[in-house]
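Peer 1: I have a structure I would like to understand better, so I am pasting it below and will then ask my questions one at a time.
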Amino acid sequence: MTSTTRTTTPDESLRDLPFSFRAADGTRVEIEAATPHDADALAAMYDAFPPTDRTQGLPPTDDAERREWLDTLLDAHSVVARRDGDVVGHAALLEAGDAHELAVFVAPDARGVGVGTGLLRGLLGAHRARGGGRVWLAVESSNRCARALYRRFGFEVEHRGRVELTMARGI
């Protein structure tokens, strides 16, 4: 008897919104489109990020700058992750010329259980449903967990800087 191993491609794991899943910690996480009504909950999530969890200056530490930045993310196509009704993650695609820049943020107490994966499944799935196109991001080269997550979704390194990498994929 021969067994066959099926490899899942990055696009096969993309999902239509909304959806939910059981995280590795046993909690139920809902992924849905973000709306302006999520602004206060997202602001609270971003306010709680300790200074050591701010990558490339994001989220901004100044309250006014953080609100302006959040408004920009909410004007873009974005999704939120909720656990027990609380927002614990946010991902957005911002138009950047002929491509979209990806931004993904997960609350410190929700990392490592699949929230980032869920956000990418929903956001990239919605992007594909809208016609897709090139998506890119910048990630600190020292952030191995994030780099591994992006690679699982088909992102490849396009440019290596001194501190960060630019990764991209087409959908």
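Throughout, read-outs are computed from the coordinates displayed, never taken from laboratory work. Bear in mind that the values here come from a model prediction, so they are computed numbers and not experimental data. Neighbour counts run over all protein chains shown; Cβ positions are idealised from the backbone, glycine included.
Peer 1: With +1 on each Lys and Arg Cβ and -1 on each Asp and Glu Cβ, how big is the dipole of region 66-106 about its Cα centre, in debye rounded to the nearest 20?
Peer 2: On the way: 4 positive and 8 negative charges, 50 e Å.
Dipole size: approximately 240 debye.
Peer 1: Another one. Over all distinct Cα pairs, what is the inverse of the mean 1/r for region 10-169, reported as the Kirkwood hydrodynamic radius in Å?
Peer 2: Every distinct Cα pair counted, the radius reaches 15.8 Å.
Peer 1: In what order do Leu137, Leu124 fall by count of nearby beta-carbon atoms within 10 Å, going from fewest to most? Show your work: numbers first, answer last.
Peer 2: Working: Leu137 19, Leu124 26.
Neighbour counts put them in this order, fewest first: Leu137, Leu124.
Peer 1: Could you work out [θ]222 nm for the chain from helices alone, using -39500 (n - 2.57) per DSSP H run of at least four and dividing by all its residues? Round to the nearest 500 deg cm²/dmol.
Peer 2: Details: 4 runs with 46 residues, N = 171.
So the helix-based figure for the chain works out to -8500 deg cm²/dmol.
Peer 1: Please give me the summed charge of the neighbours of Leu94: other residues whose Cβ is under 10 Å from its Cβ, Lys and Arg +1, Asp and Glu -1.
Peer 2: Result for the neighbourhood of Leu94: -3.
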